[in-house]
1. In debye, nearest 20: dipole of the chain around its Cα centre with unit charges on the Cβ of K, R (+) and D, E (-)?
2. Percent of alpha carbon pairs in the stretch 1-156 separated by more than 28 Å?
3. Summarise the long-distance tail of P(r) for the stretch 5-90 by giving the % of C-alpha pairs beyond 20 Å.
4. Cβ neighbours within 10 Å, averaged per peptide: list 14-25, 162-173 in order, most packed at the top.
5. At q = 0.07, 0.10, 0.12, 0.15 Å⁻¹, work out log10 I(q)/I(0) for the chain with the Debye formula, treating every Cα as an identical point scatterer and leaving solvent out; two decimals please.
6. So who's got an amide H within less than 5 Å of the one on GLY210, skipping anything under 5 residues away but keeping other chains? H placed 1.01 Å off N, in plane.
7. HN-Hα J couplings of the stretch 81-97 from phi, Karplus 6.51/-1.76/1.60, θ = phi - 60°, integer Hz, Gly and Pro as x?
8. How large are Rg and Dmax for the stretch 102-203 when calculated on the C-alpha trace, in angstrom?
Amino acid sequence: MFEEAQYFAPVNTDSDGSVVVELGQGHPGFADEEYRQRRNTLAALALDWNPGDPVPVAEYTETEHEVWRLVSAELATKHRTLATKEYLEGAETLQLPADRIPQLSEVSQMLAPLTGFTYRPAAGLVPLRDFYGVLADGNFYSTQYIRHHSVPFYTPEPDVIHEVIGHANALASERFASLYRIAGQAARRVVSEEALEFVSRVFWFTLEFGVMRESDGLKAYGAGILSSYGEIDEFRSMTIKPLDLGVMGTIEYDITKYQDVLFEAKSMEHLEDVVGEFWATCDDDSIAKLRAEAEARNN
Ligand code: TIH
Ligand code: FE2
């Protein structure tokens, strides 16, 4: 079903200066002219934005708010039993609206007093160095469009539901917010693209798709699982591996499907000790060493 849908549709500027988001043929919004126009409008707003500017207001349609309401309600029910305690406490403190899509500026207003994080608009894929780097300053690049109403339960393309329900609820927690910040510091510290990629893979398998053991079962804390009411039903039956930096930093994954290999932290402390400590101290040499050790184990 998602064969041709992509992780972040490319954003291009036509010769006349108009912004066009290239939805692939397999994208659920491909044949929906109104949806295409929305995507183009929102991408243009984000491209016009510069640091320091107020975040542009996205005037959402009733159809779009309805997608948020539906997904919000489905997720809230599932989160009660399948999300980690730390995330649920963040959500309880943040109190996102369930009845409409909040503006990114509102998300920032709610989040900043809690952990200092603010949201900024992204038209599409942001270069890794920039996306992760600004986390160190408490800035989070976020898309503003919402997934197409015909496929609400999962999208390979991060949207405002993923960014806000998945990430902002975690960013409302001091402990998670601090992990995001040190991931950003790591992204700024490392020099080679290879080391940066390693840092970003560790982010993928933890803050995007991490799972954690709690006394009453395996829970999700990764934003990518927590924003999909399709994927959240499946994560407990995937291959669950122990938290291992060398493996997380080097294995391949397919962005367009439910993640079938996940890494389990034994607790919040365990995650902080292993992954937090890694991001806090890593450099090109230590990463090259982890990579070499992982490759040696594979041979
Ligand atoms: N699959 C997620 C969702 O449906 O909400 C969105 C993404 C998270 C990470 C990559 S794509
Ligand atoms: Fe994400």
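1. Taking the Cα centre of the chain as origin, the dipole is about 600 debye.
2. 24 percent
3. 55 percent
4. Answer by packing, highest mean first, reads 162-173, 14-25.
5. -0.25, -0.52, -0.77, -1.23
6. Correct list: TYR221, GLY222, ALA223.
7. Values per residue, Gly and Pro as x: 9, 10, 9, 5, 4, 4, 5, 4, 5, x, 4, 5, 6, 6, 6, 5, x Hz.
8. 13.8, 42
Every read-out reported here was derived from the displayed coordinates using simple, explicitly stated rules and does not represent laboratory data. Just so it is clear, the model here is predicted, and its values are computed rather than measured. As a convention, Cβ positions derive from the backbone with ideal geometry for all residues, glycine included, and neighbour counts pool all protein chains shown.
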